[in-house]
Amino acid sequence: MASAAQLMLVLDVSVVNVALPHIQSDLAIPDGSVQWVASAYALVFAGGLLVGGRLADVFGLRSVFVTGLTVFVLASVVGGLASSAVALIGARALQGVGAAVASPATFTVLTRSYPEGSQRTRAVAVWTAVSLVGGGLGNVVGGFLTDAVSWRAVLLINLPIGCTVIVAALLVLPRREFGRRGRIDVVGATLATVALVGITVAVSEATSAPHMAAAATVVTVIAGAGCVMQQRHSRTPLVPARLLRNRVVMAGNGLMLLTGICFQAPVWLFLTYLMQRDMGFTPLQAGIGFVPLTVVTMLVGTLVAPRILKRSAPGSVIAAGAAVAAVGFAWQALAPTDSFSTAVLGPAVVIGIGGGLLNTPLGVAVTNGVADADAGGASGVMNTAKQLGGALGLAALTPLTADYTTFTTAFEIMAALMAAVAVTARWTIRPQNCIEPDHIHER
């Protein structure tokens, strides 16, 4: 149930990608604004995840999970019926609100259901694979529905799926909830959310280095005020001090942010336009073109990475996966677009291997040593880092594509970021600070 819900939520990060050219034409959206159909969801999703993650700890997992899914489904219907760009972008933002509330709860279900060790590693591997597969599957589903029905169907399909998951949650999750231990500091939470959203908007809208610096300064002040208020005046801060003192958790989330820039929305959006505009693919063909990346990532993440983690430290596996991914993104940057095998297939296989190796140990690292009482907060931080990375990637890299006509620079930057993750993972996620999956029950 948790993985099914997460699949639906992350699928919507990419499901509109292959439909964007049709949406743009149907609603007459300018080139410079069309990215907001994707960014509005990713941005609000990322900005609200800290609050969403803590809600489950305070108000209870069952009620928060169901409420978030309900908002998400209703917003999907509004978006599917939208008749203007403003209405569609607004509905996508509201979808992000629902996803921000529901998504951390899906991970909290896992961390409360499985103890640290091999069982949790396998559960995290499945959840992570589902999160990664959602991006690729979203393109396939979006392409099929756009070709067979309409771009509107890519949003309306959430109605039957979401209702099914909501019913399952009401039947499976216990009525007696874990939370109800206080309340959320509304002012501090608002400041934290505004800061996260402001970071992405600043990156997207800044037209020069001075503007970027000024915007970054303002956002930093807001973020700092939110953190101080949360830690000093709230009994239930969004990010408990215990998590802030856990160096492995915080280092893992830093790496998760950089990984999200590469593996969340940007790669799906850029390859969509590359296949449809440069290679002449239909939406369905473009969606199918993502299958190799999706399948390789899923197989490596669920079958290979957990086995390697039994013998190797998480930091080493993260570094190896990031190094392989860096090679794949570098290949993608240099690949000619004369054939599918050279332009997409080859790089996709390498990127998929790297992503599969990388993301599972990252999921293990960011939950290392986290108590059940802080599981929602830890999940919120992890999902925030991942989705904020995707939103920042879209905001920062899209202007470098010259209205989606060239992607070389964007993929070169992704390769550089993965190389940075490979270099830093070895000394930030150290073996002595991590609980090894095979030995957790012996301690």
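Can you go through 349, 296, 344 and tell me which one is in a helix (DSSP H, G or I) and touching a Pro at 6+ places or on another chain (Cβ under 7 Å)?
After applying the criteria, what remains is 349.
Quick check, is residue 74 in a helix (DSSP H, G or I), crowded, with 24+ Cβ neighbours inside 10 Å and not β-branched (Val, Ile, Thr)? Even if it seems obvious, please write down each step before you answer.
Values: in a helix (DSSP H, G or I): yes; crowded, with 24+ Cβ neighbours inside 10 Å: no; not β-branched (Val, Ile, Thr): yes.
No.
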**Q.** Residue count for the range 77-123, restricted to those that are modelled with pLDDT of 75 or more, surrounded by fewer than 20 Cβ atoms within 10 Å (Cβ to Cβ) and of a type in the set (S, T, N, Q)
**A.** 2
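Mind listing whichever residues of the range 388-406 are open to solvent by less than 10 Å² (accessible area, probe 1.4 Å) and either acidic (Asp, Glu) or on the phi < 0 side of the Ramachandran plot (or both)?
Taking the range 388-406 as the starting set, the residues that turn out to be open to solvent by less than 10 Å² (accessible area, probe 1.4 Å) are 389-391, 393-395, 397, 401, 404.
Matches in the range 388-406: 389, 390, 391, 393, 394, 395, 397, 401.
Give 166, 157 a once-over and let me know the one that is open to solvent by less than 30 Å² (accessible area, probe 1.4 Å), under 30 Å from residue 284 (Cα atoms) and either touching a strand residue (DSSP E or B) at 6+ places or on another chain (Cβ under 7 Å) or modelled with pLDDT of 80 or more (or both).
Working: 157 fails: open to solvent by less than 30 Å² (accessible area, probe 1.4 Å).
Of the residues listed, the single one that is open to solvent by less than 30 Å² (accessible area, probe 1.4 Å), under 30 Å from residue 284 (Cα atoms) and either touching a strand residue (DSSP E or B) at 6+ places or on another chain (Cβ under 7 Å) or modelled with pLDDT of 80 or more (or both) is 166.
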(Q) Show the residue pairs meeting these rules: Cβ distance below 8 Å; 6+ apart or different chains; first residue within the range 21-36 and on the phi > 0 side of the Ramachandran plot; second residue open to solvent by less than 50 Å² (accessible area, probe 1.4 Å). (A) 28/85
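Residues checked against (1) charged (D, E, K, R); (2) in a helix (DSSP H, G or I); (3) under 16 Å from residue 257 (Cα atoms):
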site: 288; (1), (2), (3): no, yes, no
site: 318; (1), (2), (3): no, yes, yes
site: 325; (1), (2), (3): no, yes, yes
site: 338; (1), (2), (3): yes, no, no
site: 367; (1), (2), (3): no, no, yes
Q.
Anything in the range 33-71 that is closer than 16 Å to residue 105 by Cα, aromatic (Phe, Trp, Tyr) and open to solvent by 10 Å² or more (accessible area, probe 1.4 Å)? List them, or say none.
A. 59
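The values are calculated or read from the model by the stated rules, or taken from the named source; none is laboratory data. All values reported here derive from a predicted model rather than from experimental measurement. Reconstructed Cβ throughout: ideal geometry from the backbone, glycine too, with neighbour counts over all protein chains shown. All accessible areas refer to the heavy atoms of the entire protein, side chains included, with ligands and DNA or RNA removed. Shrake-Rupley method; radii C 1.70, N 1.55, O 1.52, S 1.80 Å.
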